[in-house]
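Below is one structure, written out as structure tokens, with a few remarks after it.
The values are calculated or read from the model by the stated rules, or taken from the named source; none is laboratory data. No experiment lies behind these values; they were computed from the predicted model shown. Here Cβ is always computed from backbone atoms with ideal geometry, including for glycine, and neighbour counts include all displayed protein chains. These area figures cover heavy atoms from the full protein model, side chains too; ligands, DNA and RNA do not enter into them. Shrake-Rupley method; radii C 1.70, N 1.55, O 1.52, S 1.80 Å.
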Amino acid sequence: MALKYYAVVDETNKLIYTSWEEVLKILPKLVKPKYKSFSTREEAEAYLTGKVFQEEIDAPCAYIDGSYDKDTEEYSFGGVLLYQQSIYQFKKKYPKDEFSAMRNVAGEIKGAGFIIQYAIRHHISELHIFYDYMGIEKWFTKEWQAKSPIGIEYVKFCDTIRDKIKITFHKVKSHTNNYYNELADRLAKEALK
């Protein structure tokens, strides 16, 4: 089992633990504590200090997220591309359609396709994609068999671009103080307004 890091903060304390049992022992002693779990110590430290956590990768990076409006059944994506010392922001809303049943996942999948196409059009040969929904990676690598209409469409799209760009995937937990992941989330929500 992978080691987790628990960041715990209150008015006077900033603590990191590696076991949930330790967190449970300290919580009653703190005043209005807040806490989150993280995969790495660096992420936990960033949370405690309020700093932006960003993995250091030299290649272009993209962050994508999806959102959904249950009233209108519209969905959207937000995307951030870091390329050549510039930050490109994207957002798009889709009307209710055959993919709406997948809710925010539909938006994230559409966002992945959009960012990949954008990268290819701009002659980017390597891209790191940070995502929330595992299907973005697992359908691309064919570890999962796509059964939903949008999953099948995404797999067909992936088959057409495999030889045009090298993609490395990174799973990011939602709302873990990753600035660009949070920005993609905000852009997706903005697109629905």
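In deg cm²/dmol and to the nearest 500, what is the mean residue ellipticity at 222 nm of the chain if only DSSP H runs of at least 4 residues count, each as -39500 (n - 2.57), divided by the residue total?
Values: 6 runs with 68 residues, N = 193.
One gets -11000 deg cm²/dmol as the mean residue ellipticity at 222 nm.
Using a 1.4 angstrom probe on heavy atoms only, work out the carbon and sulfur share of the accessible area of the chain in %. Mind showing how you got there, number by number?
Values: 5510 of 10900 Å².
On the chain, the fraction of accessible area on carbon and sulfur atoms equals 51 percent.
Computing FRET efficiency as 1/(1 + (r/R0)^6) for residue 88 and residue 31, where r is the C-beta to C-beta distance and R0 is 41 Å, gives about 0.45. In order along the stretch 35-40, the Karplus-derived 3J(HN,Hα) couplings, from 6.51 cos²θ - 1.76 cosθ + 1.60 at θ = phi - 60°, round to 8, 8, 9, 9, 7, 10 Hz, and Gly and Pro are given as x.
Working note: Karplus 6.51/-1.76/1.60 with θ = phi - 60° gives the stretch 77-88 the couplings 9, x, x, 10, 10, 9, 8, 6, 6, 10, 10, 10 Hz, where Gly and Pro are set to x. Axis of helix 104-121 versus longest Cα principal axis of the chain: the two differ by about 60°, to the nearest ten degrees.
Converting phi to 3J(HN,Hα) with the Karplus coefficients 6.51, -1.76 and 1.60 and the offset θ = phi - 60°, the stretch 7-24 yields 8, 10, 9, 9, 4, 10, 10, 9, 10, 10, 10, 10, 9, 5, 4, 5, 4, 4 Hz in sequence order, with x at every glycine or proline. Once the Cα atoms are used to define both axes, helix 179-192 deviates from the longest principal axis of the chain by about 60 degrees. For the chain, a Gaussian network of Cα nodes joined below 10 Å ranks 183, 127, 27 by mean-square fluctuation, and the top entry is 27.
Solvent-accessible area per residue in the stretch 127-193 equals 50 Å², computed with a 1.4 angstrom probe and all protein chains kept.
Can you tell me which of 40-46, 17-23 comes out highest on packing, and rank the rest after it, using the mean Cβ neighbours within 10 Å?
Details: 40-46: 18.0, 17-23: 13.3.
Going from most to least packed, we get 40-46, 17-23.
The alpha-carbon positions of the stretch 15-118 define a convex hull whose volume is 157 Å³ per residue. Our estimate of slack between residue 169 and residue 98, defined as 0.36 nm per intervening residue step minus the Cα-Cα distance, is 22.9 nm.
What net charge do the residues around residue 184 carry, taking every other residue with its C-beta under 11 Å from that of residue 184, with Lys and Arg at +1 and Asp and Glu at -1?
The answer is -3.
Here the Debye sum runs over all C-alpha atoms of the stretch 129-193 as equal scatterers in vacuum, and log10 of I(q)/I(0) at q = 0.13, 0.18, 0.29 Å⁻¹ comes out as -0.45, -0.80, -1.15. By definition, a body whose alpha carbon gyration tensor gives a ≥ b ≥ c is oblate when a/c is 1.5 or more and a/b is not larger than b/c, and the stretch 61-193 fits this oblate description.
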